[in-house]
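The values are calculated or read from the model by the stated rules, or taken from the named source; none is laboratory data. All values reported here derive from a predicted model rather than from experimental measurement. To get the accessible areas, we keep the full protein, side chains included, count just its heavy atoms, and leave off ligands, DNA and RNA. Shrake-Rupley method; radii C 1.70, N 1.55, O 1.52, S 1.80 Å.
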Amino acid sequence: MATNNDGGVDSRDHSAHALDWTTRVRRRVLPTLHRIKEPLGGFAQCTMHPSEYVGTVQRELGEFRPDLEAMEFAPEPIASLKVHEDGRQSAGSWVRRQSPLAKWQLHVTLFRDGRDAVEVFAHREHSWLRHPYKHYTSAGWDTATGVERMRSLLSDHDVAFRID
């Protein structure tokens, strides 16, 4: 996977300027951190599971961010770097909680699908703010509920998506 000087951007990414600062830093730092943690049984990077696929939104990454904010999502800097099965690195990590100390969170990961579409993946998990160990060990991880909830939120906010 080729990288350049703007934060480890995959050579297949076409509009690096659309990546937020946090995502660029995560793309640069987390693969190295992963190589250190993995021999010790930890991780900072993982491959996205296809069961987490919500759908593809036909909007550029920068155009989709306001939709996520309207759905009460916030950027999530404390998340492992997700890698798509085809090698693409995530283009954003977002989280939705009922409150800062909520037990659960809906975690959404975005991947660019060309220049004008975003693939959305989701899962429900323990909030790392309230239950850091359960979060890190994936206790209670719920893909089906996360996908269902995100599809519902997209529909409720009139964000069209297709399921490929």
Check: When the Kirkwood radius is taken over all Cα pairs of the stretch 49-132, what Stokes-Einstein diffusion coefficient follows at 4 °C and 1.567 mPa s, in µm²/s?
Finding: 98
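When only Cα pairs under 8 Å and 6 or more residues apart are kept, what is the percent relative contact order across the stretch 35-164? Walk me through the intermediate numbers first.
Values: 237 pairs, mean separation 36.6, N = 130.
It rounds to 28 percent for the stretch 35-164.
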Margin query: Could you give each residue of the stretch 149-164 its phi-based ³J(HN,Hα) in whole Hz, using Karplus coefficients 6.51, -1.76, 1.60 with θ = phi - 60°, and x for Gly or Pro?
Written below: 5, 5, 4, 5, 4, 4, 5, 4, 9, 6, 9, 5, 8, 10, 10, 8
Margin query: Over the stretch 54-164, with the other protein chains present, what is the accessible area per residue in square angstrom, probe 1.4 angstrom?
Written below: 47
Margin query: Residue by residue through the stretch 102-110, what is 3J(HN,Hα) from phi via Karplus (6.51 cos²θ - 1.76 cosθ + 1.60, θ = phi - 60°)? Round to whole Hz and write x for glycine and proline.
Written below: 4, 5, 10, 9, 9, 9, 10, 10, 10
